[in-house]
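**Student:** Here it is, the structure, as structure tokens.
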Amino acid sequence: MKNILNRFWPAIPVSIILGSMMFSHSCANTTTPPSGGPKDTIPPVITKLDPLPGTVNVPRHKTKLFLEFNEYVTVKDPKSLFLSPPLEKSPKFKLKGKGVVVYFESDLDSNKTYTLDVTNAIADNNEGNMFPGYTLVFSTGDRIDSMVVTGTVQDCNTLQPLKGATVMLYKDQADSAIFLKRPDAAVKTDEWGFFCLRN
């Protein structure tokens, strides 16, 4: 009898463990999917810019601007990628890793300061949190223009602020200039009708 107990003694703890596992209640919930944690409500953050803000002597031909973020993003509204002064064709874009490459189909003008506004254009890929906005300033010449024009645009009937209105500046004072020429500078108003035309 003692030999039998000695032979089966190592199997007793294993049997107890296996038995408790087989007859214990299941701890997995099969009726509801896992929550995945709290919802992401933080918008993307810029981690890298190329060229850097205020860069001068940027090449005019095949110019590319790169904005990299801390998470994967998408361009929700391509029309909100706004270059001032505007070119004949709107800026184009492609996604690259966690960033957005903005490029232009035509050459930039020489010795000119440009601003690329990406407000209301970019959101994170998963939750759709909108990037609050940023304006990248660069120049094809050897200096950055420093003038600023600010103001608000209101509806003439209701005096309510106009969101997304385009404000354009022309050196040409002719009445027909807005129909015949591209503006020398342009910007869109924010949700309070405010605009700030920098550089």
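The values are calculated or read from the model by the stated rules, or taken from the named source; none is laboratory data. These numbers were taken from a predicted model, which means no experiment stands behind them. We place every Cβ from the backbone using ideal geometry, glycine too, and count neighbours over all the protein chains shown. All accessible areas refer to the heavy atoms of the entire protein, side chains included, with ligands and DNA or RNA removed. Shrake-Rupley method; radii C 1.70, N 1.55, O 1.52, S 1.80 Å.
**Student:** What's the total number of residues in segment 160-199 that are of a type in the set (Gly, Ala, Ser) and touching a residue at least 12 places away in the same chain (Cβ under 8 Å)?
**Tutor:** Here the count works out to 5.
**Student:** Answer yes or no: is there a residue in segment 27-44 that is at pLDDT below 90 and either under 30 Å from residue 140 (Cα atoms) or more than 41 Å from the chain's Cα centre (by Cα) (or both).
**Tutor:** Looking through segment 27-44, at least one residue is at pLDDT below 90 and either under 30 Å from residue 140 (Cα atoms) or more than 41 Å from the chain's Cα centre (by Cα) (or both).
**Student:** Select from segment 71-115 the residues that are farther than 27 Å from residue 163 by Cα and either assigned to a loop (DSSP other than H, G, I, E, B) or touching a helix residue (DSSP H, G or I) at 6+ places or on another chain (Cβ under 8 Å) (or both) and list them in ascending order.
**Tutor:** If the condition is that a residue be farther than 27 Å from residue 163 by Cα and either assigned to a loop (DSSP other than H, G, I, E, B) or touching a helix residue (DSSP H, G or I) at 6+ places or on another chain (Cβ under 8 Å) (or both), then 71, 72, 97, 98, 105, 106, 107, 108, 109, 110, 111, 112 are the ones that fit.
**Student:** Which of the residues that make up segment 152-175 are open to solvent by 60 Å² or more (accessible area, probe 1.4 Å), in a loop (DSSP other than H, G, I, E, B) and either over 15 Å from residue 197 (Cβ atoms) or out of contact with any Asp or Glu (no Cβ under 9 Å at 6 or more places or on another chain) (or both)?
**Tutor:** 156, 157, 158, 159, 160, 162, 163, 173, 175, listed by residue number.
**Student:** So if I check each of 73, 118, 149, which one is under 16 Å from residue 187 (Cα atoms), open to solvent by less than 20 Å² (accessible area, probe 1.4 Å), free of Cβ contacts under 8 Å to residues at least 60 places away in the same chain and β-branched (Val, Ile, Thr)?
**Tutor:** Of the residues listed, the single one that is under 16 Å from residue 187 (Cα atoms), open to solvent by less than 20 Å² (accessible area, probe 1.4 Å), free of Cβ contacts under 8 Å to residues at least 60 places away in the same chain and β-branched (Val, Ile, Thr) is 118.
**Student:** Right, residue 113: polar (S, T, N, Q), in contact (Cβ under 8 Å) with a residue 12 or more places away in the chain and at negative phi or not? Can you show your working first?
**Tutor:** Numbers: polar (S, T, N, Q): yes; in contact (Cβ under 8 Å) with a residue 12 or more places away in the chain: yes; at negative phi: yes.
Taking the combined requirement at face value, the residue satisfies it.
**Student:** Which members of segment 50-70 meet the condition of being open to solvent by less than 30 Å² (accessible area, probe 1.4 Å) and not in a loop (DSSP other than H, G, I, E, B)? If you could, list the steps in order and put the result at the bottom.
**Tutor:** If we filter segment 50-70 for residues that are open to solvent by less than 30 Å² (accessible area, probe 1.4 Å), which is where we start, we get 51, 58, 63, 65, 67, 69.
65, 67, 69, listed by residue number.
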